[in-house]
1. Give region 246-268 a look and list any residue that's free of Cβ contacts under 8 Å to residues at least 40 places away in the same chain and under 20 Å from the mean Cα position of the chain (by Cα), or say none.
2. Counting only residues that are outside any loop (DSSP other than H, G, I, E, B) and more than 15 Å from the ligand (Cβ to nearest atom), how many does region 161-180 have?
3. Of the residues Thr195, Thr203, Thr221, only one is polar (S, T, N, Q) and under 20 Å from the mean Cα position of the chain (by Cα); which?
4. Going by the conditions given, is Gly174 within 22 Å of Lys202 (Cα to Cα) and within 21 Å of the chain's Cα centre (by Cα)?
5. Can you find a residue in region 216-234 that is within 16 Å of the ligand (Cβ to nearest atom) and either open to solvent by less than 10 Å² (accessible area, probe 1.4 Å) or of a type in the set (Phe, Trp, Tyr) (or both)?
6. Evaluate the following for Ala160: is it modelled with pLDDT under 95, open to solvent by 30 Å² or more (accessible area, probe 1.4 Å) and either closer than 20 Å to Gly28 by Cα or hydrophobic (A, V, I, L, M, F, W, C) (or both)?
7. Filter region 180-215 down to residues that are among the polar types (S, T, N, Q) and buried (at least 24 other Cβ atoms within 10 Å of the Cβ), then give me how many there are.
8. Could you tell me whether region 43-51 includes any residue that is modelled with pLDDT under 95, over 30 Å from Ala179 (Cβ atoms) and open to solvent by 10 Å² or more (accessible area, probe 1.4 Å)?
Amino acid sequence: SAAFAGSSMAQTFPTKPVTLVVPFAAGGPTDILARTLAASMTKELGQTVVIENRAGAGGTIASAFVAKAPADGYTLLIHHNGMATAPTLYRKLPFNALTDFTYVGLVADVPMTLLGRKDLPPNNMAEFIAYAKAQGNKINLANAGLGAVSQLCGTLLQQALGVGFTAIPYSGTGPAMIALVGGQLDVLCDQTTQTLAQIKAKTVKLYGVTSAERLSYLPDTPTLREGGLKDFEIVVWHGVYGPKNIPAPVAARLNQALKAALKDPAVIAKAGDLGAVIVPEAKQTPEALQAWVKDEIAKWAPLLKAAGQYAD
Ligand code: MLT
């Protein structure tokens, strides 16, 4: 019977490595979080969770790939707000964010930081704003493609300041950070997952944080709101997905492994070091993730339309 087939599948799954697709380049924030999660899920599942980086088009290439993968639980995606901004940003998207996935669960929330290269002239948020207005498109700003949160942050920043920087696209903010530290890039807005280490090492200049409130671990750094950018707030959230129609027992096993990882002291410690806040247990469910994606699509659509952002 189907019930029997389902339960035996859950007992045996997984019998081979599980692939967790990262929609951006290796070394960046999504990759760092994915590898932290994969190491713990590997222990829980008794099979290796392998990271596969499939960068491109702001995360939509990887999303489309996973949406069309076999629905057996062996191909998963980790993705952020891009899952909810892509439906507005792209006129033609080869997947539906609300109907083409099996939702595994929400993972963690991460704030962003506005950074400049170490020798960029401004030394604080007020100086940054004056400099940005004076220099305009002479300033290079990195992004990881339309759908990336670095791009989202940059869009809202330029809109709030009434300036247009020169956009430099990267396959992820991992490579963008290398360029910023190397002095080839002026400005990057990126998640603490990757930026805290550089901030501590003083290889970059820190101007502000994108959260509504200051961060306990960067108490002297103003929010962009305090810096005068009205209503500015970006919190990056991360979820795990598979293709739609993964058999229920397999999907339940994957959710169980995710929940176990989010209770793992090694994951909790690492998340703390990265400035990532693990979501409460009630949000670690498929239902919560699906509802969240739906709400976030509705939240970002008017803001993105007002900013005139879309691609064909
Ligand atoms: C982004 O800008 O969306 C991310 O930082 C991309 C990444 O993980 O590289």
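1. Our first condition is that a residue be free of Cβ contacts under 8 Å to residues at least 40 places away in the same chain; within region 246-268, this holds for 263, 265, 268.
Listed by number, the list holds a single entry, Ile268.
2. Initial filter on region 161-180 (outside any loop (DSSP other than H, G, I, E, B)): 161, 166-169, 173-180.
Among the residues that remain, those that are also more than 15 Å from the ligand (Cβ to nearest atom) are: 161, 166.
Looking only at that region, the number is 2.
3. On the way: Thr203 fails: under 20 Å from the mean Cα position of the chain (by Cα); Thr221 fails: under 20 Å from the mean Cα position of the chain (by Cα).
Residue meeting the stated conditions: Thr195.
4. Details: within 22 Å of Lys202 (Cα to Cα): yes; within 21 Å of the chain's Cα centre (by Cα): yes.
For Gly174, the condition - within 22 Å of Lys202 (Cα to Cα) and within 21 Å of the chain's Cα centre (by Cα) - is met.
5. Yes, that holds for at least one residue.
6. On the way: modelled with pLDDT under 95: yes; open to solvent by 30 Å² or more (accessible area, probe 1.4 Å): yes; either closer than 20 Å to Gly28 by Cα or hydrophobic (A, V, I, L, M, F, W, C) (or both): yes.
Yes: the conditions hold for Ala160.
7. 6
8. no
The values are calculated or read from the model by the stated rules, or taken from the named source; none is laboratory data. Please read all numbers here as calculations on a predicted model, not as lab measurements. Methodologically, a virtual Cβ is constructed for each residue, glycine included, from the backbone with ideal geometry; neighbour enumeration extends over all protein chains shown. Heads up: the accessible areas ignore ligands, DNA and RNA and are worked out on the full protein's heavy atoms, side chains in. Shrake-Rupley method; radii C 1.70, N 1.55, O 1.52, S 1.80 Å.
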